[in-house]
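The values are calculated or read from the model by the stated rules, or taken from the named source; none is laboratory data. Since we're looking at a predicted model, the values are computed, not measured. Please note: Cβ atoms are built from the backbone with ideal geometry, for glycine as well, and neighbour counts cover all protein chains shown. The area values use the complete protein model at the heavy-atom level, side chains included, leaving out ligands, DNA and RNA. Shrake-Rupley method; radii C 1.70, N 1.55, O 1.52, S 1.80 Å.
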Amino acid sequence: MGKKTVYLPECRSTNDEAASMIARGLAEDGLAVVAGAQTAGKGQRGNSWESEPGRNITLSIVIHSGFLDPSENFMLTVIASLGLCDLLSEYLPDGEPRIKWPNDIMTLEGKLAGILIENFIRGHRMEWTVIGLGINVNQRIFSTPGAVSLARICGQEFGHDELLKLLFHHFENRLRALRRGLTGTLMSDYHRRMYWLGETRRFEVGDREIEGRIEGVDDLGKLRLRVETNLRVFDFKQIRFLH
Ligand code: BTN
């Protein structure tokens, strides 16, 4: 992974660049597209992704995901989240970072990294997957509420090359585990890192507020929530954390 890396000093979005390489037949398994700056970085739920030029890591990794059934695509969220946690835990105190379902990487100080996964399906088969990663590294001031960087937490700056090298190493490990079918281990590692697991929190569902206890995720990646005595499951579009 990362053996072929395309570095772009500036682009709109590394996910879009990777998608365009797939469309033009230029993609390969493990290809990484790294940008110095994005002019239209994309976040989840149609949001944009704030990243000060040259200060942070913004990249997309292309994976040939044909070995997975479309129903297993949550496992890509799992390996991306765990790969990032493996990397960041080398720099953070024990027990951190944590995964706010489905794939925000959190610390006690705030959100440190985000993931945007886009799947390219042919017929009923997965073909390519683009895993977009935004890691806040050396940026000090954010306009996005709740965002934090490694430099803010650790009080020192970090070189991008070292971080990228380690990131590819950890990603490769997690992807290898998935290819070997170790989904049980990956899911239990995901749960071990899960933010607010077992805690009662408030959520927005449609135009209502509910309170529920987070019990984990199911095999499809839906959030399992105990609401009073009922176990309910929600997908990403149906529910929003209120804190
Ligand atoms: C989120 O938490 O909302 C997801 C953020 C994902 C940001 C990364 S930065 C590199 C890649 N290219 C994009 O346009 N977005 C992702």
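Just a few scattered comments:
- Calculated over the stretch 82-144: convex hull of Cα atoms, volume per residue (Å³): 114
- Over the stretch 15-162, accessible surface divided per residue gives 41 Å², non-protein components excluded, 1.4 Å probe.
- Computed per residue of the chain from DSSP H runs no shorter than four, each worth -39500 (n - 2.57), the mean residue ellipticity at 222 nm is -7500 deg cm²/dmol.
- Accessible surface of the stretch 92-171, 1.4 Å probe, proportion on carbon and sulfur as whole %: 52
- In Å, descending, principal axis extents of the Cα set of the stretch 1-118: 42, 36, 29
- Model label points for Ser143 and Arg226, set 7 angstrom from Cα along the Cα-to-Cβ axis, are 4.3 nm apart.
- If you plug the beta carbon distance of His124 and Arg24 into 1/(1 + (r/R0)^6) with R0 = 22 Å, you get a FRET efficiency near 0.40.
- Treating r as the C-beta distance of Arg45 and Glu10 and R0 as 25 Å, the FRET efficiency rounds to 0.50.
- Taking only Cα atoms of the chain, radius of gyration then Dmax in Å: 17.5, 53
- What the Kirkwood sum gives for the stretch 119-243 is a hydrodynamic radius of 17.9 Å, with every pair of different alpha carbons counted.
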